[in-house]
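Peer 1: Have a look at the structure that comes next, please.
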Amino acid sequence: MSTRRVRARRGEGALLREEILRAAEDLLTEAGTEDALTLRAVARRAGVSTPSVYLHFADKDALVEAVCMRVWDELGRLFTGNLGGDPFLALGRCARAYARFALDHPVQYRVLMLRPSAAPGVPPAAETAFRHMVAAVAACVETRVFEGDPEELALGLWSAVHGCVSLLIAQPAFPWPRDREALIDHIVRQAGFGAAVYSRLPGTLPPSKELAARLDEFGARLAAVPDDPSRRQPPP
């Protein structure tokens with residue numbers, strides 16, 4: 001359904017762009033796929049001519065990317081809301097929030113993170129997501145739960161979480177565990193604890209049996225730490 005729109009007056013270009021984006025977002029929500037976002041369909045929904053859409057977006061790819069970016073601010077709010085307290089536990093909360101955000105917005109995530117950007121350079125969505133992760137990791141480096149460069153560590157952790165949600169989005173028919181939250185939790189814990197240990201590993205490791213024995217000893221020592229209920233939080 002479309003409505004006839006009165007021609008925009010001089011200076012109302014930003015308003016028209018917003019109306020086009022709202023119309024495109026509605027189509028995306030209804031269809032669940034970016035295939036529905038043809039410039040003609042969006043123009044019809046917004047009540048404008050197709051050339052009017054071209055005044056604001058060079059092509060369909062640019063329009064689709066702009067529509068998907070509208071949800072990206074939510075990711076920043078999720079990171080901010082999960083920071084605070086112990087940095088390592090906060091990082092775990094942020095990673096889980098990232099995964100849930102991606103799975104709650106699969107079309108937008110697929111467009112922004114699983115295909116080449118329409119514009120040259122680093123896509124804004126990827127840059128924003130990475131910077132949020134770096135900030136959370138940097139706090140862990142400050143408390144020395146991680147050792148090393150925050151950006152390098154964040155890249156590894158981000159790759160792990162991104163890989164998990166990308167597979168869930170791209171391969172829905174795969175026999176994933178029924179408990180999706182448990183799978184995400186497993187990946188986050190594996191990546192987080194792995195990064196903490198890896199950042200301290202020497203260049204040359206002992207043979208497997210000796211390494212396993214040392215890891216067993218390390219795990220036993222952690223388990224033997226007295227539990228303080230006042231600090232009890234979900235693990236990272």
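The values are calculated or read from the model by the stated rules, or taken from the named source; none is laboratory data. Small disclaimer: the values here were computed from a predicted structure and weren't measured. Because the Cβ atoms are built from the backbone with ideal geometry, glycine has one as well, and the counts that use them run over all protein chains shown. What goes into the accessible areas is simple: the full protein's heavy atoms, side chains included, and nothing from ligands, DNA or RNA. Shrake-Rupley method; radii C 1.70, N 1.55, O 1.52, S 1.80 Å.
Peer 1: What's the total number of residues in region 179-201 that are open to solvent by 80 Å² or more (accessible area, probe 1.4 Å) and modelled with pLDDT under 90?
Peer 2: The number of residues fulfilling the criteria is 2.
Peer 1: Here is a list: Val145, Val141, Val122. Which entry is open to solvent by less than 50 Å² (accessible area, probe 1.4 Å) and within 27 Å of Asp73 (Cα to Cα)?
Peer 2: Criteria check complete, one pass: Val141.
Peer 1: Could you grab me the full set of residues in region 78-96 that are in contact (Cβ under 8 Å) with a residue 24 or more places away in the chain, over 14 Å from Ile184 (Cβ atoms) and open to solvent by 40 Å² or more (accessible area, probe 1.4 Å)?
Peer 2: Answer for region 78-96, where residues must be in contact (Cβ under 8 Å) with a residue 24 or more places away in the chain, over 14 Å from Ile184 (Cβ atoms) and open to solvent by 40 Å² or more (accessible area, probe 1.4 Å): Leu83, Gly85, Asp86.
Peer 1: Look through region 202-236, keep the residues that are basic (Lys, Arg) and either surrounded by fewer than 10 Cβ atoms within 10 Å (Cβ to Cβ) or assigned to a loop (DSSP other than H, G, I, E, B) (or both), and return whichever of them is modelled with the highest pLDDT.
Peer 2: Checking each candidate, the answer is Lys209.
Peer 1: Could you tell me whether region 41-51 includes any residue that is under 23 Å from the mean Cα position of the chain (by Cα) and either exposed (fewer than 15 other Cβ atoms within 10 Å of the Cβ) or over 30 Å from Met133 (Cβ atoms) (or both)?
Peer 2: No.
Peer 1: Which residues, taken from region 52-67, are of a type in the set (Gly, Ala, Ser) and open to solvent by 40 Å² or more (accessible area, probe 1.4 Å)? Let's see the steps before the verdict.
Peer 2: First pass over region 52-67, keeping only residues of a type in the set (Gly, Ala, Ser): 52, 58, 62, 66.
Ala58, the sole residue that qualifies.
Peer 1: Then there's this: One residue is enough: does region 89-101 have a residue meeting the conditions within 26 Å of Gln171 (Cβ to Cβ), within 13 Å of the chain's Cα centre (by Cα) and outside any helix (DSSP H, G or I)?
Peer 2: no
Peer 1: Follow-up question, since we're still on this one. Restricting attention to region 27-42, report how many residues are farther than 15 Å from Cys68 by Cα and in contact (Cβ under 8 Å) with a residue 40 or more places away in the chain.
Peer 2: Selection size over region 27-42: 0.
Peer 1: Need the failing condition index for Val145 against (1) part of a loop (DSSP other than H, G, I, E, B); (2) among the hydrophobic types (A, V, I, L, M, F, W, C); (3) within 21 Å of Gly92 (Cβ to Cβ); (4) touching a Leu at 6+ places or on another chain (Cβ under 8 Å), just the number.
Peer 2: (4)
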